[in-house]
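Engineer: If you scroll down you'll find the structure; I have some questions about it.
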Amino acid sequence: MTTVSHGKPYAGNPHVRFEEGDSASAEPRRKSLLHKKQEREFELVNTIINRHWERAVGLANAESLMTYWAVGAFVSSRLKSAAWGAKVVEELSDYLKSRNPKLRGFSKRQIYYMIDFYEAYTAIEFANISNRLRLDEFVQTPSAQLDDNGLEIADFPIFLTLTTFSNHLEILNCCASMEERVFYVLHSARERLK
């Protein structure tokens, strides 16, 4: 047994103090083992939270991307059919802000980014690369479907959920070829997982 004097903390556990002349017993050691077991259990709970949090963030990202995809498809079809002019996109943005002042990310510029996003990944070049690189594991069937409003839009490629909309904008602006774009989508996903 160790005798502790002068009221100094026991070296094995700074939270336990002994009075002069008291002796250290196995009690601090048992508390230490219980503390380690509890810490492992706490870490398990932390791991559970992180796993589900990451999944929730991933699902939120996927829903956001599908929203931008659908908005891009809708506005793109209106602009291509000449049903809408460029001024209407600005009016749409103003309308959305007036209907929901807390809504962010639907400025005129952002809506045009959504159009670019949709058009880039519905291009035949992306379909060809997707087939060649076997991205079909990540991509839904490329057939067109009707959305809730009867608008025919291409299926959303699940592959695109590997990164965020901000990353997609950067990739679209910086990469000239579709191969580069696919590479950087995969690269950003790999870096995120590290």
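Engineer: Kindly check whether there is at least one residue in region 92-107 that is within 27 Å of Arg181 (Cα to Cα), hydrophobic (A, V, I, L, M, F, W, C) and either touching a residue at least 24 places away in the same chain (Cβ under 8 Å) or outside any helix (DSSP H, G or I) (or both). Please lay out each step first, then the result.
Structural biologist: Going residue by residue through region 92-107, those that are within 27 Å of Arg181 (Cα to Cα) are 104-107.
Going one step further and asking which of them are hydrophobic (A, V, I, L, M, F, W, C), we end up with 106.
Add one more test, that the residue is either touching a residue at least 24 places away in the same chain (Cβ under 8 Å) or outside any helix (DSSP H, G or I) (or both), and what stays is 106.
Yes - at least one qualifying residue is present in region 92-107.
Engineer: Still on this structure, I have one more. Name the residue, out of Ser93, Ser107, Ser98, Ser77, that is surrounded by fewer than 10 Cβ atoms within 10 Å (Cβ to Cβ) and more than 20 Å from Leu186 (Cβ to Cβ). Give the derivation first.
Structural biologist: Values: Ser93 fails: surrounded by fewer than 10 Cβ atoms within 10 Å (Cβ to Cβ); Ser107 fails: surrounded by fewer than 10 Cβ atoms within 10 Å (Cβ to Cβ); Ser77 fails: surrounded by fewer than 10 Cβ atoms within 10 Å (Cβ to Cβ).
Within the list Ser93, Ser107, Ser98, Ser77, the selection yields Ser98.
Engineer: Given (1) surrounded by 15 or more Cβ atoms within 10 Å (Cβ to Cβ); (2) modelled with pLDDT of 90 or more, identify the lone condition not met by Ala127.
Structural biologist: All conditions pass for Ala127, except number (2).
Engineer: Right, here's the next one. Are any of the residues in region 51-61 touching a residue at least 40 places away in the same chain (Cβ under 8 Å), open to solvent by less than 70 Å² (accessible area, probe 1.4 Å) and not hydrophobic (A, V, I, L, M, F, W, C)? Steps first, answer last, please.
Structural biologist: Residues of region 51-61 touching a residue at least 40 places away in the same chain (Cβ under 8 Å): 58, 61.
Next, only the ones that are open to solvent by less than 70 Å² (accessible area, probe 1.4 Å) stay: 58, 61.
Still in the running and not hydrophobic (A, V, I, L, M, F, W, C): 58, 61.
Taking every residue of region 51-61 in turn, at least one turns out to be touching a residue at least 40 places away in the same chain (Cβ under 8 Å), open to solvent by less than 70 Å² (accessible area, probe 1.4 Å) and not hydrophobic (A, V, I, L, M, F, W, C).
Engineer: Which members of region 86-124 meet the condition of being more than 24 Å from Ala154 (Cβ to Cβ) and not hydroxyl-bearing (Ser, Thr, Tyr)?
Structural biologist: Lys87, Glu90, Glu91, Asp94, Lys97, Arg99, Asn100, Pro101, Lys102, Leu103, Arg104
Engineer: Enumerate the pairs (first residue in region 117-139 and β-branched (Val, Ile, Thr); second residue anywhere and at pLDDT below 90) with beta-carbon separation below 7 Å, excluding pairs fewer than 6 apart on the same chain, so at least 6 apart or on different chains.
Structural biologist: Thr122/Ala154; Val139/Ser130; Val139/Pro157; Val139/Ile158; Val139/Phe159
The values are calculated or read from the model by the stated rules, or taken from the named source; none is laboratory data. Since this is a predicted model, take the numbers as computed values, not measurements. We place every Cβ from the backbone using ideal geometry, glycine too, and count neighbours over all the protein chains shown. Areas reflect the complete protein model, heavy atoms only, side chains present, ligands, DNA and RNA absent. Shrake-Rupley method; radii C 1.70, N 1.55, O 1.52, S 1.80 Å.
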